[in-house]
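Written out below as C-alpha cells is the structure these notes cover.
The values are calculated or read from the model by the stated rules, or taken from the named source; none is laboratory data. Just so it is clear, the model here is predicted, and its values are computed rather than measured. Glycine also receives a Cβ, built like all others from the backbone with ideal geometry; neighbour counts cover every protein chain displayed.
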C-alpha cells in the first residue's frame, strides 16, 4: 500500500475541551484550563490502507477519529480528505461528504436505535443521502448490504429489532448501515472490543472485505495491539493527546523506539505459556490531560528521561524511512 | 493434594421462560498451590460456577445436583451461618468483576476492607486498620491512602484494593473474576504481576476467570475451558496450548491473536453460543463444530481422562483421533 495516493491527511489537529470553572475561580479570573484531548496530531493515510491508532484509555484516539469526521469541531489544525480541506466546510457541504466518510462505533448495543427495525436502520442513510429512488431499489440495497455482512437470508433479519439479535449480529447490522453508503473512508472505533473472542475475526472480515474489493481506507482505533498487528498496515501510538511513534505495524511491534511504545509492547500478554511473561516495565498510570506535564508528556514515567525531556517538547521525526518517533533520547 | 473438588455440579437459574442451565454437570479438581484459569465466552457459566462455590448466587439461582468438596467437606451440606463464619472470606474469597463499581462510593476504601476483617474476626478497629495498611503495602498501594474514597483511586489502584480486600482474612483459596478486563494493557501487566507475586509469596491457590487466553497463559498453571455450562477440556497450561484436543479449545486458540506471531488471517468460530434455556442435545458445541458427527447431536460426550491430568469431553476422543 506504500506510495499510494494520500486519501486522508491530518495536520496539527487539536481538540481542546474547556474545563468548567466554579464561580469563585471565575471571580478570581483564574486562567481557563483545557483538557487537551488531542494536541497537535499529524498523519497521512494512503488510499486502501488500514491505519491503526492505538493507545490506552484517555489518550485521545477516539476524539481524533471523531474530529476527523467533524463529529466534533476541531480547536485547531486541518483535515484533508482526497486533497480537499474539509476543516471549514459548512453543514450542507459536510452532509454531501458524509456518505464518503463514515464511522463504525464500539458498542452495537448503543449505536442502533432499539425502536427501529433492521430494515429502517439501514434504510435511513439511503433516504438521507437519496441513494435510491424506488422502493424496489431501496430493498435491493438493504438486502445486498445484509448479504455482504453475512446476515443471510436477509428476509429473516429485516423485520427484526436490535434486541432480537446477538451482539455480533448487531455489529454486523451497524457495518451494513455504514457500507450501504459505499464510503471511501471509515473510522472503526474499537469495533470488536465489546464482542466475544470467537466471533471477532468474522466481524473484522466483513468490515474489511469491501475495503479490499473497493480500496476503502480505514482508521482503526484500538487499544488491542494484538489485533492491530494482524489487520493493520501501519499504525500510530498515542499518549496524552500526542502521537509518540508512527511506523508500519511490523516495525512498531518488532522494533519499537519510543520508551512508551517499548513499555506498551512489553505489557501485551501473549497466548503462549512458553513465551516470557508480559512485563510492566513502567509504573504508574496515564495522568490527567488537564495541564499535562511540560516537555515530553511521558517524562515523569520514563526511565530514560533527562533534563531536556522536562523542558522541551520532542518533535515527531523520521528516524528511518516511514518510521517516526517523538523522543529526545537516542 | 486436592484443595477443591467439584463433582457433577449443576446450578440453574429459574426464569419465567424456564431453567437457564448455566452450570450443568461440571467436574473440576484443583490442587493446592495451583492457579487454574477458567476460560470461556460471555454467558458460558464461568461466573455462575465461581459464585456458586462461595454461595453467592442471586435469589433465582438454584442448586440442582453435585458436590463441592473443600478441605474434605462438602460445602453444600454446611449451614449458611457456619459457612459465613468459617469459610467465606476466611478460607475462600473472591475478587469481584468490575473493580470500578465493586466498592461503595460513600465509604473510605480502608474502612470497606476493615469491615471484612471486623465481621470475620474478633479484633479491634485499630488493629484491623493496621492490617489494612499492611495489605495495601502487599499489593503496592501507599498505606497512607487508606482514608481515601474510591473515586480518589485510579482504575489500577481500585483493582489492587479489591485484591487486598480478598486477602483480608488470609484465605487459602481466591477466585478472581476477570481481574484485568477493564484495565489498560500496562496496568493489566502491573496487576498480573501483583497477582503472580502474591501467589508465590503466600502460597495461595487461585482460580482466575477470564475470556482472555493470553492472561491465562501468563498467570496460570492449569486451564479449564468452559462452553455452554460445561467444562470441555482441562489440562496443565502447557498441554492446553500445545496439545489441545477439544475442537472448541483448538478453535478458541486459533481465534486468539498473538502480537508475537507474524501477520496472519484470524479465524472465527462460525455461529454463536447456544441459549442455555434450551441447549442443543448431545454435545453442546456440535452446531458450531467442524468435525461434528452423527453421534454428536444425539449423545452427550463424557468428560474423560486422556492422559495424566488431561481431560476432555468429545466423541472424537472416545475411539478415533481428533
I'd like to check something: does the range B:20-33 contain any residue that is closer than 18 Å to residue B:167 by Cβ and either buried (at least 21 other Cβ atoms within 10 Å of the Cβ) or at pLDDT below 95 (or both)? yes
For the range B:237-257 the number of residues that are at the interface with another protein chain (Cβ under 9 Å from one of its Cβ atoms), touching a residue at least 24 places away in the same chain (Cβ under 8 Å) and farther than 14 Å from residue A:200 by Cα is 3
Being surrounded by fewer than 16 Cβ atoms within 10 Å (Cβ to Cβ), more than 20 Å from residue B:195 (Cα to Cα) and under 19 Å from the mean Cα position of the chain (by Cα) narrows it down to one of B:107, B:63, so name that one. B:63
Taking the condition in contact (Cβ under 8 Å) with a residue 24 or more places away in the chain, within 25 Å of residue A:11 (Cα to Cα) and facing chain B (nearest Cβ under 9 Å), does residue A:247 pass? no
Assigned to a helix (DSSP H, G or I) and surrounded by 17 or more Cβ atoms within 10 Å (Cβ to Cβ), is that true of residue B:134? no
So which helices (runs of 4 or more DSSP H) are wholly in the range A:147-216 and hold at least 1 residues that are touching a helix residue (DSSP H, G or I) at 6+ places or on another chain (Cβ under 7 Å), within 10 Å of chain B (Cβ to nearest Cβ) and under 25 Å from residue A:45 (Cβ atoms)? A:197-214
Residue B:45 passes all but one of the listed conditions (1) over 25 Å from residue B:283 (Cβ atoms); (2) crowded, with 21+ Cβ neighbours inside 10 Å; (3) within 14 Å of the chain's Cα centre (by Cα); the exception is number (1)
State all residues of the range B:181-207 that are part of a helix (DSSP H, G or I) and either in contact with a strand residue (DSSP E or B) (Cβ under 7 Å, 6 or more places away or on another chain) or more than 8 Å from every other protein chain (Cβ to nearest Cβ) (or both); if no residue qualifies, say none. B:191, B:194, B:195, B:197, B:198, B:199, B:200, B:201, B:202
Out of (1) within 13 Å of chain A (Cβ to nearest Cβ); (2) surrounded by fewer than 19 Cβ atoms within 10 Å (Cβ to Cβ), the odd one out for residue B:278 is which? (1)
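Any residue that is within 14 Å of chain A (Cβ to nearest Cβ) and crowded, with 22+ Cβ neighbours inside 10 Å - is there at least one of those in the range B:162-180?
Step one: filter the range B:162-180 for residues within 14 Å of chain A (Cβ to nearest Cβ), giving B:178-180.
If we keep only those that are crowded, with 22+ Cβ neighbours inside 10 Å as well, we get B:179-180.
The answer is yes, given that some residue of the range B:162-180 is within 14 Å of chain A (Cβ to nearest Cβ) and crowded, with 22+ Cβ neighbours inside 10 Å.
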Any residue in the range A:131-140 that is in contact with a helix residue (DSSP H, G or I) (Cβ under 7 Å, 6 or more places away or on another chain), more than 13 Å from chain B (Cβ to nearest Cβ), part of a loop (DSSP other than H, G, I, E, B) and within 23 Å of residue A:54 (Cβ to Cβ)? no
Give the residue that is nearest to residue A:285 (Cα to Cα), with candidates limited to residues of the range A:6-55 that are modelled with pLDDT of 90 or more and in a loop (DSSP other than H, G, I, E, B). A:55
If residue B:176 satisfies every condition in (1) part of a helix (DSSP H, G or I); (2) within 16 Å of the chain's Cα centre (by Cα) but one, which is the exception? (1)
State yes or no: is residue A:235 more than 9 Å from chain B (Cβ to nearest Cβ), in contact with a strand residue (DSSP E or B) (Cβ under 9 Å, 6 or more places away or on another chain), at positive phi and surrounded by 23 or more Cβ atoms within 10 Å (Cβ to Cβ)? no
Across (1) at pLDDT 95 or above; (2) under 23 Å from residue B:112 (Cα atoms), residue B:179 clears everything bar (1)
Pull up the range A:266-287, narrow it to residues that are more than 7 Å from every other protein chain (Cβ to nearest Cβ) and in contact (Cβ under 8 Å) with a residue 40 or more places away in the chain, then point me to the one that is surrounded by the most Cβ atoms within 10 Å (Cβ to Cβ). A:286
Across the range B:90-102, the tally of residues that are crowded, with 22+ Cβ neighbours inside 10 Å and modelled with pLDDT of 90 or more stands at 4
Just to be sure I understand, how many residues within the range B:53-98 are farther than 30 Å from residue B:158 by Cβ and not in a loop (DSSP other than H, G, I, E, B)? 13
Of all residues in the range A:190-203 being farther than 18 Å from residue B:274 by Cα and either surrounded by 21 or more Cβ atoms within 10 Å (Cβ to Cβ) or free of Cβ contacts under 8 Å to residues at least 40 places away in the same chain (or both), the one that is farthest from the chain's Cα centre (by Cα): A:201
Identify, please: which residue in the range B:258-275 is over 30 Å from residue A:250 (Cα atoms) and touching a residue at least 40 places away in the same chain (Cβ under 8 Å) and is, among those, farthest from the other protein chains (Cβ to nearest Cβ)? B:274
